[in-house]
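J.: Here it is, the structure in full.
Here, each number is a calculation from the coordinates, and none is a lab measurement. Everything quoted here is computed from the prediction, not taken from an experiment. Reconstructed Cβ throughout: ideal geometry from the backbone, glycine too, with neighbour counts over all protein chains shown.
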Ligand SMILES: N[C@@H](CCC(=O)N[C@@H](CS)C(=O)NCC(=O)O)C(=O)O
């Protein structure tokens, strides 16, 4: 059975878990306490030299890091990753956007504030990251006023990747009330077949 090494409350880990739930793919969740350094032990580093979760083990001894690589690998051949060359590229566009323009700000602020509970320690970094996070949310809002899902009319792994940290952005202090189209989209995503909430 597929194994997913993850940390409860991590949006990056939720992404492949959500996809596998929606595809009806059984998997085993193995908790890795990153706050206790469990992703930095020699044994873990032998599996992922980057020392981060999520880590997917689709077959014994075969390890895949990077949440969005997992989404592509797992969704291959399904409607969640369209085959059409243009649609496929649009999905990838959002996945790269998520990693470069969204997650480093929206997820990181939430990590400092909500997971580590160190808002005071990181106040200067938070002040720097918040406008960049809002800029990413602005980009999403603009697209979602045009199309029901990020890559167009169908729900894809682009939506899963961006749902993961957008739906909990308020935990880092982001005001989602500013974004009516994002809020409607969040509702649409929770209504898709086989949706499971992040635990
Ligand atoms: N780009 C990676 C980011 C993974 C990442 O940042 N993981 C964090 C938790 S969400 C982590 O493992 N932090 C612990 C550490 O770096 O020691 C992905 O999308 O999978």
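J.: Counting other beta carbons within 10 Å of each Cβ, put 192, 156, 121 in order, fewest first. Numbers along the way, then the final one.
T.: On the way: 192 15, 156 24, 121 11.
By the 10 Å Cβ count, ascending: 121, 192, 156.
J.: Just to verify a number: FRET efficiency for residue 21 and residue 62, C-beta to C-beta distance, R0 = 25 Å, to 0.05?
T.: On the way: r = 21 Å, r/R0 = 0.85.
So, using R0 = 25 Å, E works out to roughly 0.70.
J.: Another question about this same structure. What shape does the chain take by its C-alpha gyration tensor, where a ≥ b ≥ c are the square roots of the eigenvalues and a/c under 1.5 counts as rounded, a/b above b/c as prolate, and the rest as oblate?
T.: Details: a/c = 1.83, a/b = 1.06, b/c = 1.73.
Because a/c hits 1.5 or more and a/b fails to exceed b/c, the chain counts as oblate.
J.: Let me ask something additional. Taking the number of other C-beta atoms within 10 Å as the exposure measure, put 102, 167, 88 in order starting with the fewest.
T.: Values: 102 24, 167 20, 88 15.
Ranked by crowding around the Cβ, least crowded first: 88, 167, 102.
J.: Now a separate question. Please say if segment 16-55 is rounded, prolate or oblate, where rounded means a/c under 1.5 for a ≥ b ≥ c the square roots of the C-alpha gyration tensor eigenvalues, and otherwise the choice is prolate for a/b larger than b/c and oblate otherwise?
T.: On the way: a/c = 3.00, a/b = 2.37, b/c = 1.27.
Judged from the Cα gyration tensor, segment 16-55 comes out prolate (a/c at least 1.5, a/b above b/c).
J.: For Cα pairs less than 8 Å apart in space and 6+ apart in sequence, what is the mean separation divided by the residue count of segment 1-129, i.e. the relative contact order in percent?
T.: Values: 129 pairs, mean separation 26.9, N = 129.
Over segment 1-129, the number comes to 21 percent.
J.: Please give the calculated 222 nm ellipticity per residue for the chain, where each DSSP H segment of at least 4 residues contributes -39500 (n - 2.57) and the sum is spread over every residue; nearest 500 deg cm²/dmol? Walk me through the numbers before you get to the answer.
T.: Values: 7 runs with 84 residues, N = 199.
Result for the chain, helices only: -13000 deg cm²/dmol.
J.: Using the count of nearby Cβ atoms within 10 Å as a rough guide to exposure, how do 186, 137 rank from fewest to most?
T.: Details: 186 17, 137 22.
Lowest to highest Cβ neighbour count: 186, 137.
J.: Would you calculate the separation in nanometres between label points at residue 176 and residue 123, each defined as 7 Å from the Cα along the Cα-to-beta-carbon direction?
T.: Result for the modelled spin labels: 2.7 nm.
J.: Could I ask something else about it? Taking only C-alpha pairs under 8 Å that are 6+ residues apart, what is the relative contact order of segment 1-54 in percent?
T.: Values: 58 pairs, mean separation 23.4, N = 54.
Rounded, it is 43 percent for segment 1-54.
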